[in-house]
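*Asks:* Structure provided below as structure tokens; questions to follow.
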């Protein structure tokens, strides 16, 4: 009986030693992984001390922001009482608050319209040089975001009733010198474009008040601006004044809007609201933070935008999208860049905690719908060329986007087209194949599409042991009657030519789903058509998965996009 006990004891000792060794290995190698996980990013919101009511507005935003991100508020301001120092204590406390949370990287977000603001410029260096362990990066100010332009648009549209009869004045503040005034004015003018691209005002002017840091002349400079505003108000038509700034707000009377109201109250001027309070200030803060935080895979979603049509069309697309739903959180937003549908899809993902979105333009070429959707999603401030007389509204989102499109430019599509041709082919040496696509209005864009189709034709012909008599790339340009008429003449001519000398003409619908109006438009011509289109086919799923995977990898890369990156 003693021998088994000895063996059990030996096993126990060996087991204990193994556990000890394993723990030792973990302790040796864990610090690196823990260190990687502890490299948190926190956000130091730098804002002007606005007084009681103004700071209430800022604190309300911060309370919501802190529910999402590790954040603290550093108030900075002017020495109004002569006893408050230079706000160094507020800065130190805010930095310390983040470091206590384990933050190693601090992103300073200036809650200021312009980087040229006198108060921000005064404290920026001091904040960067504050004693700390964490690294500090600076994010851009509000003027660099399309969301700020949306706030201005809201302020103007809340006042305006008949733009062609109105004069608009947008008033900024915070210039410490003439260079600063020019920069703030330039920032405002960029934002004002969001308004003037949509509304034709009789006259538009942008002015910037000087800060008292300018010296004794600041009152003289500001008085000159007051005179310009009064002269404008004296002209025929209605004058709108929007103080687009984050000014002081001690109480309702001692506020930016209150002071302007007293200054211009006797004149016929409609006074707008300043930047705060507005819900898109929080949206801007959240989006800024998202740019500096590496998301988890669960925080990345996908919005796919195909053309969309009737239910059979949409169901056909779902067959190629469905296999990807097991790996990605996907919303489909069918249409030609419809802001309502896109907004619904984006908001649905955001409500589920998605912070980064892969946006797929499921259109034939990379540039198809790119200008329009980039504008709608805030990725570009350049209005789309074709907008049917009215610019689309923009989706106000805090998400970070990565986009791609252009399935037809991938070799995977040539394989689908080859399969569609072979499904109806009988004697390749006697057959003329026409790959027939929708086409575009612009000649340059249409020619580009034909070049892509010709590339697919070259791929198909080279892969065949017995090539076709001929393969043609053609577009029907169906949405533009004059262009369609000319295109149909060319297509019918090619059909007639292909049928000569015992030939046979095959038409393959080179579109995502179905053949649209091709049969009706070519009625009377002799041909055989494969009107299936590209879906359903696993290669479309492969194209989607390849692009989504690449975009997700890009979004999961560690962010390194600060405008300024200064260490101690």
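*Asks:* In region 147-168, what count of residues is obtained for those that are surrounded by fewer than 22 Cβ atoms within 10 Å (Cβ to Cβ) and farther than 28 Å from residue 286 by Cβ?
*Replies:* Going through region 147-168 one residue at a time, the tally reaches 8.
Per-residue answers, yes or no, for (1) more than 31 Å from the chain's Cα centre (by Cα); (2) in contact (Cβ under 8 Å) with a residue 12 or more places away in the chain; (3) not in a helix (DSSP H, G or I):
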site	(1), (2), (3)
484	yes, yes, no
493	yes, no, no
500	yes, no, yes
505	yes, yes, yes
515	yes, yes, yes
529	yes, yes, yes
545	no, yes, no
558	no, yes, yes
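*Asks:* Right, another one. Out of (1) touching a helix residue (DSSP H, G or I) at 6+ places or on another chain (Cβ under 6 Å); (2) modelled with pLDDT of 95 or more; (3) surrounded by 16 or more Cβ atoms within 10 Å (Cβ to Cβ), the odd one out for residue 338 is which?
*Replies:* Condition not satisfied by residue 338: (1).
*Asks:* Here is a further query. Output yes when any residue across region 78-85 is over 29 Å from residue 274 (Cα atoms), free of Cβ contacts under 8 Å to residues at least 40 places away in the same chain and in a loop (DSSP other than H, G, I, E, B), and no when none is.
*Replies:* So far as region 78-85 goes, yes, one or more of its residues are over 29 Å from residue 274 (Cα atoms), free of Cβ contacts under 8 Å to residues at least 40 places away in the same chain and in a loop (DSSP other than H, G, I, E, B).
Residue-by-condition table, conditions (1) buried (at least 18 other Cβ atoms within 10 Å of the Cβ); (2) free of Cβ contacts under 8 Å to residues at least 40 places away in the same chain:
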{"residue": "411", "(1), (2)": "no, no"}
{"residue": "416", "(1), (2)": "yes, no"}
{"residue": "422", "(1), (2)": "no, yes"}
{"residue": "428", "(1), (2)": "yes, no"}
{"residue": "436", "(1), (2)": "yes, no"}
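A quick yes/no check of all residues on (1) at pLDDT 95 or above; (2) closer than 26 Å to residue 269 by Cα; (3) outside any helix (DSSP H, G or I):
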{"position": "130", "(1), (2), (3)": "no, no, yes"}
{"position": "151", "(1), (2), (3)": "yes, yes, no"}
{"position": "158", "(1), (2), (3)": "yes, yes, no"}
{"position": "161", "(1), (2), (3)": "yes, yes, yes"}
{"position": "168", "(1), (2), (3)": "yes, yes, yes"}
{"position": "195", "(1), (2), (3)": "yes, yes, no"}
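The values are calculated or read from the model by the stated rules, or taken from the named source; none is laboratory data. Please read all numbers here as calculations on a predicted model, not as lab measurements. When we count neighbours, we look across all protein chains shown, and the Cβ atoms used for this are built from the backbone with ideal geometry, even at glycine.
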